[in-house]
Amino acid sequence: MNEGRREIFQLVFILTGIVFLVKLFFVQIVDDRYAELANSNSILRQVEYPFRGLITDRHGKLIVYNTPEYDLEVVVKDIRNFDSANFCVVFGLSREDLRKKFKELKAHKKEYSPVKPMLFIDRLSNEDFAKIEDHMDEFPGFYIQARTTRSYTTTALANALGYVSEISKDALKKDESKIYKQGDYIGQSGIEAFYEEQLRGKRGLRFKLRDVKGIEKGSFKNGEYDTLSVPGQDLISSIDLDLQLYGEKLLKGKAGSIVAIEPSTGEILALVSGPSYDPVLLTGKNYGAHFQIISGDSMKPLFNRPLMAQYRPGSIFKIVQAMTALQEGVITPDTRIRCDRDIIACHGDHSNEDLRGAIANSCNPYFHSVLRRMLNQGKSKDPFQDTRIGLAEWDKHINSFGFGSRLGIDLPNEKDGLIPTPAYYDRAYNNRPWKFSNIYSLAIGEGENLVVPLQMANFAATVANRGFYFIPHLVRSVGKDGKPLPQYLVRHYTTVDSANFRVAVDAMQQVVAAGTGQWFAKLQDVIVCGKTGTVQNEPFPDHSVFIAFAPRDNPKIAISVYVENAGQGARAGAAIAGLMIEKYLFGLTRRQYIEDYVLAGKFLD
């Protein structure tokens, strides 16, 4: 009986000991809160934020840099003799604002700790810091945390650069790398987002000793546990800042886009989205208020039109049709087709043109016939099946030019456009039969075709290169002596033989020399090859579109211009493209009357 009781007491004693040992293990080893409490009075842990990488243009002109910014942090346990009235005066807060700050601090239960530095007021400017610096010793428990914010040498390129702001809670939860912490800044759009890994750098840590009054007494153990921050890598962009600024000047007050590319590399020389915004507005403590205003603007200045706006390609697409038909052998450069306007409406005074003349005069009946020959080659006795076979082959060629899918530019949010497939029409017609007569509007770049301006500039570059392109990109060097990312060094060839592009080049030269582009895009001392387009936009006015490259041989620039609701491509589109080419090749415009015409914007009336 006694032995049984003794065993029970021994068992209880052993179990109690195990419980205490486990508790002690968690207190001393696993749970660091007690160590923090012990050390908090003497050691202050400070984050050293890295300098984000700089961004320059292709000639080394600085575009994006860093300026100092400060956060006010608080260690709640260290607050002593707090003079709230004086605090409100120094920091420009009302009593209600101050109460709200403390409530918000404790509302974040998971992050809140009375012994850790917690963010209290963020994004204090240099001017703010100068006003409060001499008063910081009046508020024990409050500390200044230095960091940097983005600054800009120009208001240009906002949509391409993007902006940086504090990482959201949702993004923090999705961060598998576990690199970011609450309060860190992260690229939210544009180059800042795409090159976040290269730009962000690496955080450092400093541990500082304090006395009982909270006054710093130097590094803890001579900095043995400190880690230095590592700055982010600088980026040399492909942008020509002077050309970019000129493009934004020409597009001011208009909705549309300008995309200029160096054909031999795929480097983007200018990427203009209109309307845009001042990137400075999305920095500093007024970021939230400014973001609401900009995002609520009915003209959508945050909408990056060069790679997000999807339009019908219009007459420009006739060049792609010509290349495809030549490759399939259903026409030759000498094929003549009568301009039969009973089949489809046309414009201008022409008839029975060969292929070059049909492109130069933008003959609708010609390309109606070309697409019919392409889609109905007699590969099946069933006319419906024959069209399906032809359309699938047509898709293969069109897709090789980069249409119908994302090109892969080094920016987020690029759109695909749309090149319809047999499966697309099956869905559209609820699996009922369809044939050429149902889809012939594809022939003239209307109907279901959709492209983005970036794709059209890339197409101009592809013709300039006689059959290949590099993926358009905005960064030519990661680091001072670096290279672009590997995917931007690869040539992409179309399914069309290089020899067939000679026809397109000849025709595009004719458009500018003596056709619809001659009044605004023709230049002295250089051969410009281009094509006008007038894109239907019912029930609103048509969009004005123009693509071009120059010079004809060894081209230095390829361009696409879209001006919404501006009517004929021979007007606004051709004028802006001509001025941009002239500016890039010669450094100035020698046709002031054309510039005056564009800036007046009367084509929008």
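Ellipticity at 222 nm from helices only: DSSP H runs of n ≥ 4 in the chain, each -39500 (n - 2.57), divided by the residue count, give -10000 deg cm²/dmol. Both the radius of gyration and Dmax for the stretch 172-329 are 23.8, 89 Å, in that order, over alpha-carbon atoms.
Applying 1/(1 + (r/R0)^6) with R0 = 56 Å to the Cβ-Cβ distance of Ile144 and Arg491 gives a FRET efficiency near 0.60.
Express in % the proportion of alpha carbon pairs of the stretch 45-173 at distances exceeding 17 Å.
Numbers: 5508 of 8256 pairs.
For the stretch 45-173, the fraction of Cα-Cα distances above 17 Å is 67 percent.
On a per residue basis, the stretch 73-197 carries 54 Å² of accessible surface, using protein heavy atoms and a 1.4 Å probe. Legend: distances between Cα atoms for Lys202/Lys480; Lys285/Lys480; Lys202/Lys285; Lys252/Lys415; Lys254/Lys415; Lys101/Lys131; pairs beyond 27 Å are Lys285/Lys480. Between the amide H of Asn66 and those of Ser151, distances stay under 5 Å, these residues lying 5 or more places away or on another chain, with hydrogens modeled in the peptide plane.
Note on the stretch 432-491: with charges restricted to the Cβ of Lys and Arg (+1) and Asp and Glu (-1), its dipole about the Cα centre is near 220 debye. Our note on the geometry: Cα centres of the stretch 474-548 and the stretch 551-587, 9 Å apart.
At 1.4 Å probe size, with the rest of the protein present, what percent of the exposed accessible area of the stretch 177-309 is carbon and sulfur atoms? List each step's numbers first, then the result.
On the way: 3350 of 6110 Å².
The computed percentage sits at 55.
Within the stretch 474-540, all pairs of alpha-carbon atoms sorted by distance into 5 Å bins from zero give the percentages 4, 13, 13, 11, 10, 15, 17, 12, 5, 1, 0. Put simply, the convex hull of the Cα atoms in the stretch 315-412 casts, on average, a shadow of 7.8 nm². Peptides 76-82, 59-65 ranked from most to least packed, by the mean per-residue count of other Cβ atoms within 10 Å: 59-65, 76-82. Both the radius of gyration and Dmax for the stretch 410-511 are 18.0, 59 Å, in that order, over alpha-carbon atoms. At 1.4 Å probe size, with the rest of the protein present, what percent of the exposed accessible area of the stretch 360-518 is carbon and sulfur atoms? In the stretch 360-518, the share of accessible area belonging to carbon and sulfur is 48 percent.
Which pairs in the list Lys61/Lys583; Lys173/Lys208; Lys522/Lys583; Lys103/Lys169; Lys396/Lys483; Lys318/Lys396 are over 21 Å apart, alpha-carbon to alpha-carbon? Can you show the working numbers first?
Numbers: Lys61/Lys583 18 Å; Lys173/Lys208 31 Å; Lys522/Lys583 13 Å; Lys103/Lys169 19 Å; Lys396/Lys483 32 Å; Lys318/Lys396 16 Å.
In this structure, Lys173/Lys208; Lys396/Lys483 exceed 21 Å between Cα atoms.
Once the Cβ-Cβ distance of Ser168 and Lys221 is raised to the sixth power relative to R0 = 41 Å, the FRET efficiency obtained is 0.65. Over the C-alpha trace of the stretch 499-605, radius of gyration and Dmax come out as 13.5, 43 angstrom. For Gly256, the residues whose amide H sits under 5 Å from its own are Gly274, Glu564, ignoring neighbours fewer than 5 places away on the same chain, with H placed 1.01 Å from N. Measuring nothing but alpha carbons in the stretch 388-459 and taking Rh as the Kirkwood radius, the Rg to Rh ratio lands at 1.00. Full extension of the chain between Ser94 and His290 gives 68.3 nm of extra length, using 0.36 nm per residue less the Cα-Cα distance. Among the protein heavy atoms of the stretch 524-567, carbon and sulfur supply 49% of the accessible surface, probe 1.4 Å, non-protein parts ignored.
Show me 189-202, 522-535 ranked by packing, highest mean number of other Cβ atoms within 10 Å first. Present the calculation step by step, with values, prior to reporting the outcome.
Working: 189-202: 20.4, 522-535: 22.2.
So the order, starting with the most tightly packed, is 522-535, 189-202.
Fully extended, how many nm does the chain gain between Ala345 and Glu133 (0.36 nm per residue separation, minus their Cα-Cα distance)?
Using 0.36 nm per residue and subtracting the Cα-Cα distance, I get 68.9 nm.
Only helices reaching 24 angstrom along their own axis (Cα) with mean Kyte-Doolittle hydropathy no lower than -0.5 count here, and for the DSSP H runs of the chain these are 2-25. Accessible area per residue for the stretch 339-396, computed on protein heavy atoms with a 1.4 Å probe, is 45 Å².
Can you tell me which of 507-516, 137-146, 477-486, 95-104 comes out highest on packing, and rank the rest after it, using the mean Cβ neighbours within 10 Å?
Working: 507-516: 22.8, 137-146: 17.3, 477-486: 13.8, 95-104: 12.2.
Those peptides, ordered most packed to least, come out 507-516, 137-146, 477-486, 95-104.
Counting only the Cα atoms, the chain fills a convex hull of 256 Å³ per residue.
The reciprocal of the average 1/r between distinct C-alpha atoms defines the Kirkwood hydrodynamic radius, which for the stretch 67-139 equals 13.1 Å. Counting only Cβ charges, +1 for Lys and Arg and -1 for Asp and Glu, the dipole size of the chain around its Cα centre is about 780 debye. In order along the stretch 481-496, phi translates into HN-Hα couplings of 10, x, 10, x, 4, x, 5, 8, 10, 9, 6, 10, 9, 7, 7, 9 Hz, rounded to whole numbers, per the Karplus curve 6.51 cos²θ - 1.76 cosθ + 1.60 with θ = phi - 60° and x for Gly and Pro. Maximal additional length on extending the Ser113-Val230 stretch stands at 39.3 nm, based on 0.36 nm per residue less the C-alpha distance.
In this calculation the C-beta distance from Ser437 to Asp175 is compared with R0 = 56 Å, giving a FRET efficiency of 0.55. Averaging 1/r across all pairs of distinct Cα atoms in the stretch 149-264 and inverting the result yields a Kirkwood radius of 18.0 Å.
Under a point-charge model restricted to the Cβ atoms of Lys and Arg (+1) and Asp and Glu (-1), what is the dipole moment magnitude of the stretch 459-506 relative to its Cα centre, in debye to the nearest 20?
Computed charge dipole of the stretch 459-506: roughly 180 debye.
The values are calculated or read from the model by the stated rules, or taken from the named source; none is laboratory data. Since the structure is predicted, the reported quantities are computational estimates derived from the model, not experimental observations. With ideal geometry, Cβ positions are generated from the backbone for all residues, glycine too; neighbour counts draw on all protein chains shown. The area values use the complete protein model at the heavy-atom level, side chains included, leaving out ligands, DNA and RNA. Shrake-Rupley method; radii C 1.70, N 1.55, O 1.52, S 1.80 Å.
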